[in-house]
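Novice: The following block contains the structure, expressed as structure tokens.
The values are calculated or read from the model by the stated rules, or taken from the named source; none is laboratory data. Keep in mind that this is a model prediction, so the values were computed, not measured. Please note: Cβ atoms are built from the backbone with ideal geometry, for glycine as well, and neighbour counts cover all protein chains shown. All accessible areas refer to the heavy atoms of the entire protein, side chains included, with ligands and DNA or RNA removed. Shrake-Rupley method; radii C 1.70, N 1.55, O 1.52, S 1.80 Å.
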Amino acid sequence: MSLISDVETAEPKRRWRWDPGNVAWGVLSFAGGIGLWWLATVAGFSELPSPWTVLTRMIELGIDGQLWGDMYASLRRVLIGFALGAVLAVPVGFLMGWYRIARVIIDPWIQFFRVIPPLAIIPLAIVTLGIDEKPKTFVIFLAAFLSAVVSTYQGVVSVDKTYINAARVLGASDGTIFARVVIPASTPFILVGFRIGLGSAWATVVAAELIAAQSGLGFRMQQAQLYYDLPTIFVSLVAIGILGLLMDRIVVRTEERMTHWQERV
Amino acid sequence: MADPKIAFRNVSKVFGTGADAFTAIRDLTLEIADGEIVTVVGPSGCGKSTAMNMVAGLIPHSSGEVLVDGRPVSGPGPDRGVIFQQYALFPWLTVRENVEFGLKLQGLGRQERRKRAMHYLGLVGLQDFAESYPKTLSGGMKQRCAIARAYAVNPSVLLMDEPFGALDALTRVTLQNQLLDTWSKDRRTVMFITHDVDEAVFIASRVVVLAARPGRLQEIIEVDLPYPRDEEVRLSPEFMEIRNRVWRAVYRRDAQAA
Ligand SMILES: Nc1ncnc2c1ncn2[C@@H]1O[C@H](COP(=O)(O)OP(=O)(O)OP(=O)(O)O)[C@@H](O)[C@H]1O
Ligand SMILES: [Mg+2]
């Protein structure tokens, strides 16, 4: 899953294709990893719970409903925070890309907040926003916004000048150029930004729940740690990984659908 | 004589200011008549694209006058169609939508747009690719689509900046013939930039040779070959003779040294 540090190199790239050969290798690789884990626990190298124990706990927690509740709580925070961040990032990114003045005013702030890990904002957010959902949503919003805004902005500034000229000589006004050239031309960048934004939102929610929450996968892990409940920690980790992977795939699919016109090298 | 379609009057273009100032074009005076087809050649960096972009209204000039139809150019407009070397097709639009782009800006209805787009795509032989995206086209097809897009808005001037430069020799010759064919029917004014001396002579009624550093007028060579021109023209001694004159004008220094 992409993290904030990917922003610098973010640009639309050729992506991995979902072909049966790749899937088979992926499955094989996972199976091998779980096999090793199982061997390690059987041989008594560690006190880790075996894959079997974890699976059993997962089923228990699933039947019990607790797992779903935790997943729902975490997912809800991510989606709300991410949606807010993305909705704000697109216009701000466009503004920065299109107007030099907006860029010089906004950019220092973004650069400044980008170097602060979102989690470092939590104490401040809790003090000022209270202990309910607001501080968590805010921190996730911030993480998603910062990742997505940089990408959008880069997309706008890297729109090929010849497209703009081609539109101008056909009689397009600035407004038309913006709507019919700049927006479509930067869509691939924006979607990459969304992908990175969703990744950092997901990374942030779990950490935020470890620090301050009464529900969610991160909160569950933190509770399990108090009781030395390793299987539950594992169940949470696996759930986090699976949800993260699923969300990422959904964005990648959307991206492919919306930018099918792109030349892929 | 009738008013020229395009006129440069003592035009200079300076990029940058102060110590970074660079004179790309100095004191260029040139007239292109209505319905004339003129090619511009010269060494790389002599200001060919700069001169053309000033007519297109994409860059301002520093001094002098750039006139189209006797009026100073103040910005781009659909009366001057431009064909870029890099095709500049919008990759997110289909071939037909690319051609319709300018028509939509003119406020034409859906039916009319489609009809016109298909007409011009037919002229360049791309009607079967109307719903394809540019990424699926070859270089020559892309350029034909760009030509259709420029023609569709019915400009009275066509500005072409090395339009066939990136194409193979055979495609290039085909497109040159097509251009002359269309031109002989509609007699639009054409300003055509090229690196290729043969192409310059084959197409033009006059070849404008620019010199570099600073960009300025070197020579204007009349091409006294009757239209329509067919492939035989390329092999004629008259063609060879004019071609050699242009070549010498472009590579003046080499010619003097020899
Ligand atoms: N935006 C710009 N800023 C500064 N200098 C420029 C700019 N555009 C062009 N020049 C300079 O002006 C000169 C003429 O450029 P121009 O692109 O018109 O050359 P050209 O004759 O079209 O060359 P080529 O045959 O290689 O296309 C070049 O020396 C170039 O470096
Ligand atoms: Mg050029």
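Novice: Would you mind getting the accessible area per residue of the stretch B:1-160, heavy atoms of the protein chains only, 1.4 Å probe, in Å²? Please list the in-between numbers first.
Specialist: Working: 6630 Å² over 160 residues.
Result: 41 Å² per residue.
Novice: In a Gaussian network model over chain A where Cα atoms closer than 10 Å are linked, find which of A:W68, A:W98, A:W38 has the largest mean-square fluctuation.
Specialist: Residue with maximal mean-square fluctuation among A:W68, A:W98, A:W38: A:W38.
Novice: I'd like the residues of the stretch A:177-192 whose 1.4 Å-probe accessible area shrinks by no less than 40 Å² going from the isolated chain to the full set of protein chains.
Specialist: Output list: A:R180.
Novice: In Å², nearest 100, what accessible area do chains B and A bury in total when the solvent probe is 1.4 Å?
Specialist: On the way: alone 12700 and 15170 Å², together 25820 Å².
Roughly 2000 Å².
Novice: Please pull out the direction-averaged projected area of the protein assembly as shown, using the convex hull of its alpha-carbon atoms, in nm² to one decimal place. Can you show the working numbers first?
Specialist: On the way: hull surface 138.5 nm².
Its average projected convex-hull area is 34.6 nm².
Novice: Right, here's the next one. For the charge dipole of chain A, defined by +1 on Lys and Arg C-beta atoms and -1 on Asp and Glu C-beta atoms about the Cα centroid, which residue among A:G62, A:A179, A:A89 has the Cα displaced farthest towards the positive pole?
Specialist: Among A:G62, A:A179, A:A89, the one farthest towards the positive end of the dipole of chain A is A:A179.
Novice: The stretch A:194-265: which chymotrypsin sites (Phe, Trp or Tyr not before Pro) are DSSP loop and have at most 16 other beta-carbon atoms within 10 angstrom? All intermediate terms of the calculation are to be shown ahead of the outcome.
Specialist: On the way: sites: A:F194, A:W202, A:F219, A:Y227, A:Y228, A:F234, A:W261; in loops: A:Y227, A:Y228, A:W261.
Answer in residue order: A:Y227, A:Y228.
Novice: While we're looking at this one, here's another question. So if I place +1 on the C-beta of Lys and Arg and -1 on the C-beta of Asp and Glu, and nothing else carries charge, what would the dipole magnitude of the stretch B:140-256 be about its Cα centre? I want it in debye, nearest 20. Before the final figure, lay out each step's value.
Specialist: Values: 17 positive and 17 negative charges, 98 e Å.
So the magnitude is around 460 debye.
Novice: With a 10 Å cut-off between alpha carbons and a GNM built on chain A, which of A:T232, A:T41, A:T53 moves the most?
Specialist: A:T41
Novice: Let me ask another. Using all Cα-Cα distances in chain A, what percent lands in each 10 angstrom bin from 0 up to the longest?
Specialist: 7, 24, 28, 23, 12, 5, 1, 0
Novice: For the stretch A:186-257 and the stretch B:29-97, what is the centre-to-centre distance using only Cα atoms, to the nearest Å?
Specialist: 53
Novice: Would you mind telling me which residue in A:L237, A:L226, A:L124 has the biggest mean-square fluctuation in a Gaussian network model of chain A, where springs connect alpha carbons within a distance under 10 angstrom?
Specialist: Of the options given, A:L226 has the highest mean-square fluctuation.
Novice: Suppose all protein chains stay in the model; what accessible area per residue would a 1.4 Å probe give for chain A, in Å²?
Specialist: 53
Novice: Do any residues of the stretch A:152-176 lose at least 30 Å² of accessible area when the full set of protein chains is present rather than just their chain alone, and if so which, with a 1.4 Å probe?
Specialist: A:T162, A:Y163, A:N165, A:A166, A:R168, A:V169, A:L170
Novice: Just the projected area, averaged over all directions, of the convex hull on the alpha carbon atoms of the stretch A:193-265: how many nm²?
Specialist: Values: hull surface 23.7 nm².
It is 5.9 nm².
Novice: Here's a follow-up. Give the residue from B:G16, B:L93, B:P43 lying farthest towards the positive end of the charge dipole for chain B; charges sit on Cβ (+1 for Lys and Arg, -1 for Asp and Glu) and the dipole is referred to the Cα centre.
Specialist: So the residue furthest toward the plus end is B:L93.
Novice: Would you mind telling me the antiparallel percentage of the DSSP bridges in chain B, rounded to 5?
Specialist: Details: 20 of 38 bridges.
So the antiparallel bridges in chain B amount to around 55 percent.
Novice: Relative contact order for chain A: what is it in percent, counting Cα pairs under 8 Å that are at least 6 residues apart?
Specialist: On the way: 307 pairs, mean separation 73.9, N = 265.
Relative contact order comes out at 28 percent.
Novice: Using a simple charge model, +1 on the beta-carbon of Lys and Arg, -1 on the beta-carbon of Asp and Glu, nothing else, what dipole does chain A show about its Cα centre, in debye to the nearest 20? Intermediate values should be presented prior to the final figure.
Specialist: Details: 21 positive and 19 negative charges, 162 e Å.
That gives a dipole near 780 debye.
Novice: Positive end of the dipole of chain A, charges at C-beta (+1 Lys, Arg; -1 Asp, Glu), about the Cα centre: which of A:T232, A:S74, A:L39 has its Cα farthest in that direction?
Specialist: A:S74
Novice: If you don't mind, another one. How much net charge surrounds A:G81 when only the other residues with a Cβ under 11 Å from the Cβ of A:G81 are counted, with Lys and Arg +1 and Asp and Glu -1? Before the final figure, lay out the partial values.
Specialist: Values: positive: A:R76, A:R77, A:K134, A:K136; negative: A:E133.
Local charge sum for A:G81: +3.
Novice: Give the share of C-alpha pairs in each 5 angstrom bin for chain B, from 0 to the last occupied bin, in whole percents, shortest bins first.
Specialist: 1, 6, 13, 16, 18, 16, 13, 9, 5, 2, 0, 0, 0
Novice: Still on this structure, please answer the following. Can you give the longest stretch of chain A with no exposed loop site, where a site means GluC sites (Glu not before Pro) in a DSSP loop (not H, G, I, E or B) with at most 11 other C-beta atoms within 10 Å?
Specialist: Values: sites that count: A:E47, A:E263.
Segment A:48-262 is the longest.
Novice: So, one more: Over 30 Å between Cα atoms, which of A:K136/A:K161; B:K115/B:K135; A:K161/B:K48 qualify? Present the calculation step by step, with values, prior to reporting the outcome.
Specialist: Details: A:K136/A:K161 41 Å; B:K115/B:K135 24 Å; A:K161/B:K48 18 Å.
From the list (A:K136/A:K161; B:K115/B:K135; A:K161/B:K48), the Cα-Cα distance tops 30 Å for A:K136/A:K161.
Novice: Give me the percent relative contact order of chain B, please, defined on Cα pairs under 8 angstrom at least 6 residues apart.
Specialist: Working: 494 pairs, mean separation 64.1, N = 258.
Across chain B, relative contact order equals 25 percent.
Novice: Still on this structure, please answer the following. At 1.4 Å probe size, with the rest of the protein present, what percent of the exposed accessible area of the protein assembly as shown is carbon and sulfur atoms?
Specialist: Details: 15560 of 25820 Å².
The computed percentage sits at 60.
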